[in-house]
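Taking it in order: structure first as C-alpha cells, then the write-up.
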Amino acid sequence: MWNNVKAKVVGLKILHGVCNYCTKRHASVGVWVKRTPEKHRRCGQIPGKTRVLVTRNYSTEPPWRVLFFGTDDFAVESLKLLSASRESNDRVVESLEVVTLSNDVPVKKFADQNKLPVHVWPLRDLQGRFDVGVVVSFGCLLREGLINQFPWFDVGPILHQEIYQVPDNFTADQLGATLATKGAQLLIDTLRTLPERITNRREQAKDGATLAPKISTSMSWIIWEEQTCVQIDCLFRAIASRIPLRTIWMGKTIKLLDFAGKCNISLSGRGRIPVPGSMSYQKESNTLAVCCRDGWVGFKAVMLKKRLSAADFYNGYLHQSFQNRSGPPKQECLFHSNRDRTELHSAGEENSLTQQHTVH
C-alpha cells in the first residue's frame, strides 16, 4: 500500500516520495508557480506545497507586499522568515499580512504576537494591494475569483528545488519539521530573485507521479499475515503520531503503542510454528512481541481501557494462557487482522474482559 507513494508532507511537496512518508532515501522541496490563470487547479486543500502567487500589478523587484495564507506549525516556519526579512539588510518583504482560519491556530498566534494584520477567511477583493501571495499548509480551497487575482500560480513550473536525503528511521513528524525549516529558506531565496526564477522556470516531470491519499483510520490496521517487519515499521513511522496502530484482540480493538522494532525470536520452536498474530512476552526487554509475515515486531505498551505496559498486559491478561503451550494457541494469545478495516468497539469499553482474568 505504501510503496512508491509520492508523499506530501504538510506544507511542501516531496517529488520522489518517501515510502510510507519516510523511508525512501531522497526527497525534494520546492516552490511552484502557474503560467496562466485559466489552467488553475484546486489549491489549499492539499497540505503538500508552498505556493507563490503574484498579482497582476506586482512590483518588478523586492521588497514585496506579501499576503500569507497558513494555519499550522509547518506554516509558522515560513511566516517567521518572512516577518524577519522586513528588517534584514536585503529586505525581501516590504509589508506582511496574514490570512488564517481561526483564533487558536499557530499562525494566528504568531501573527498576534508580532502585530501582523490578520484577515478573516474567506477574503474579499484584494484590490491590488499585494504583490505576492504565499500559501503554506493552509487547508482550504482558494476560490476562482481570488486565484484570478494572482495570474502566476503554483501548479506548473518549478521555481526552486532542493534534494534532501531522508535519514534512516525518520518519522513523518521529524521529516515535516525538517522540511518546514528548509522550505522556509527556499521560499525566501525564491522571493529574493523571483523575476529571474520565473524566467528560468522548468516544467515538473510527469513520470513517477502517484496518488498520496489522506491519512485515515483504515490505514492503521495491521494485517499480520501480509505485512512484514519493515512494512509495519514504515507504517508506524508514517502515521502513528496521528493514529495509533490497531489490531483485534478477543473481538475488540486494541491500540499498539511505542513500537520497539524487529525482535530476534525464532519462528519455530516449542513444538509448533507460530501463526501470524501470535504473541510472546519478552521479560528482559519488557516488550510484547507479535508474529507477522516474516518475523516478530515488538511493542512496549498497549491501550485497552487505559494505557498498559507490556508487562501489565501480560500479567493481567495473558499469563495464565501462556502456561499451557501445547496444542493450538489460545485466542487470548493471538491478535487478529481486521481485513475489512472497520472500527470495532474499544477493548476498554467492556468491563467483562477485566473480570475474566486475574492480575498477578
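Taken together, the values in this text are just the output of simple stated rules run on the coordinates, not laboratory data. A quick note: this is a predicted structure, and the numbers were derived from the prediction, not measured. Note that each Cβ is placed from the backbone with ideal geometry, even for glycine, and that neighbours are counted across all protein chains shown.
Here are a few things to note about the model shown:
- The charge dipole of segment 145-212, taken about its Cα centre with unit charges on the Cβ atoms of Lys, Arg (+1), Asp and Glu (-1) only, comes to about 240 debye.
- Coupling constants for segment 227-232 follow from the phi torsions by the Karplus curve (6.51 cos²θ - 1.76 cosθ + 1.60, θ = phi - 60°), and in residue order they are 8, 8, 4, 5, 5, 5 Hz; glycine and proline get x.
- Among the trypsin sites (Lys or Arg not before Pro) in segment 60-164, those placed in a DSSP loop whose Cβ has at most 10 other Cβ atoms within 10 Å are Lys115, Arg124.
- Charge context of Thr100, other residues only, Cβ under 11 angstrom, K/R +1, D/E -1: -2
- Compared with the direct C-alpha span, the chain from His119 to Arg341 gains 75.8 nm at full extension, assuming 0.36 nm per residue.
- Taking amide H as placed 1.01 Å from N in the peptide plane, Gln227 has its amide H under 5 Å from the amide H of Arg293, each at least 5 places away in sequence or on another chain.
- For Thr193, distant residues with modelled amide H under 5 Å away: none
- What the phi angles of segment 248-260 give under the Karplus curve with 6.51, -1.76 and 1.60, with θ = phi - 60°, is a coupling list of 10, 9, 6, x, 10, 6, 10, 9, 9, 10, 6, 4, 10 Hz, glycine and proline written as x.
- Segment Asp104-Leu211, length gained on full extension (0.36 nm per residue, minus Cα span): 35.4 nm
- Neighbours of Val230, meaning other residues whose beta-carbon lies under 9 angstrom from its beta-carbon, give a summed charge of -1 when Lys and Arg score +1 and Asp and Glu score -1.
- Length released on extending from Glu225 to Asn89, taking residue separation times 0.36 nm less the Cα-Cα span: 42.9 nm
- Order of Ile248, Ile265, Ile232 - criterion: other Cβ atoms within 10 Å of each residue's Cβ, fewest first: Ile265, Ile248, Ile232
- Entries of Lys252/Lys283; Lys182/Lys262; Lys80/Lys108; Lys80/Lys115; Lys214/Lys305; Lys262/Lys283 with Cα pairs more than 21 Å apart: Lys252/Lys283; Lys182/Lys262; Lys214/Lys305
- Sparse-neighbour loop sites [GluC sites (Glu not before Pro); segment 188-252; at most 14 other C-beta within 10 Å; DSSP]: Glu203, Glu225, Glu226
- For Gln204, the residues whose amide H sits under 5 Å from its own are Ile158, ignoring neighbours fewer than 5 places away on the same chain, with H placed 1.01 Å from N.
- Spatial separation of Cα centroids for segment 224-248 and segment 109-172, in angstrom: 32 Å
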